[in-house]
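Just so it is clear, none of the values below were taken in a lab; they were calculated from the coordinates. Here the structure is a predicted model, which means the values were calculated and not measured. Using ideal geometry, Cβ is built from the backbone for each residue, glycine included, and neighbour counts are taken over all protein chains shown.
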């Protein structure tokens with residue numbers, strides 16, 4: 001990481017543009033993938049005639065949105081990365097409790113990786129229910145599942161893309177490598193929108 005072409009940033013003010021640069025450094029040439037902000041809605045677009053790169057697209061300039069979308073990309077397999085939005089099931093805001101439970105089931109791993117990225121970036125992680133119009137349907141069970149999954153990742157190791165980006169974040173933000181002791185004991189987490 002010592003060959004980063006921009007300075008290490010220990011600032012408490014986190015800039016999404018720093019994530020764009022770090023992601024480019026890590027993956028533009030090795031994975032033909034870039035991180036793009038300023039979108040109304042997040043999504044993933046494989047390369048096409050309009051853009052030679054695969055694009056991980058995050059909402060506006062929201063740091064947490066960028067981390068969340070990077071987490072999805074890090075977990076998506078080779079075949080999934082050939083499809084728009086990885087070919088995942090998604091229902092928009094306004095899900096009923098059954099639909100929300102299904103959403104939470106598929107979001108445990110991405111949110112655990114986002115949690116790891118948040119710790120490496122030295123920012124507060126907030127579990128996202130992504131269902132503000134559907135009412136407060138997230139549960140402590142979901143929150144604990146995310147925490148437990150993060151502990152399993154820390155103990156058993158992350159996949160190569162996740163590990164590469166974690167190392168870049170640790171270096172850039174001057175944070176220590178993750179341990180299970182860094183995962184705070186279960187406490188009520190704000191389920192509000194991420195920004």
**Complete:** For the residue 171, residue 49 Cβ pair and Förster radius 35 Å, calculated FRET efficiency rounded to 0.05 is 0.45
**Complete:** Proxy exposure order for 126, 144 (fewest C-beta within 10 Å first) is 144, 126
**Request:** Could you work out how far apart the two model spin labels at residue 15 and residue 80 are, taking each label as a point 7 Å from the Cα in the direction of the beta carbon, and quote it in nm?
**Result:** 3.2 nm
**Request:** Could you sort 149-155, 118-124 so that the peptide with the highest average Cβ count within 10 Å comes first and the rest follow in order?
**Result:** 118-124, 149-155
**Asked** Fewest to most neighbouring Cβ within 10 Å: what's the order for 49, 130, 38?
**Response** 49, 38, 130
**Message:** Give the separation of the Cα centroids, the stretch 48-79 to the stretch 28-44, in Å.
**Reply:** 4 Å
